[in-house]
Amino acid sequence: MWRTQWAAVTGRGHQENGLPGQDRAGALTSGGVTAIALSDGSGSQPLSQEGAEIAVQTICRVLCMD
């Protein structure tokens, strides 16, 4: 059994400019597989935090598929 933990911290420049953190991390355990993923959002693109979140969730689900 694995225990997973992750965190993402908004960078100082983003905080000073009122921008959201765009990096995302996640983990999923399913079907005897534990997957972890990290996505570095593209800071120059609008809504890159959403794309990073979708990427993390999707890759974890795909890696845990039977």
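The values are calculated or read from the model by the stated rules, or taken from the named source; none is laboratory data. Treat the numbers as computed from the prediction; the structure is a model and nothing was measured. Heads up, the Cβs are rebuilt from the backbone with ideal geometry, glycines too, and the neighbour counts pull from every protein chain shown. Protein only, heavy atoms only, side chains kept; ligands, DNA and RNA dropped before computing areas. Shrake-Rupley method; radii C 1.70, N 1.55, O 1.52, S 1.80 Å.
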Cα-only radius of gyration and Dmax that characterise the chain, units Å: 13.6, 44
Compute the angle between helix 48-63 and the longest alpha-carbon principal axis of the chain, please, reported from 0 to 90 degrees and rounded to the nearest 10. 10
Taking all protein chains as present, what is the carbon and sulfur share of the accessible area of the chain, in % to the nearest whole number, probe 1.4 Å? 54
What does the charge add up to near Q49, with Lys and Arg as +1, Asp and Glu as -1, over the other residues with Cβ less than 12 Å from its Cβ? -3
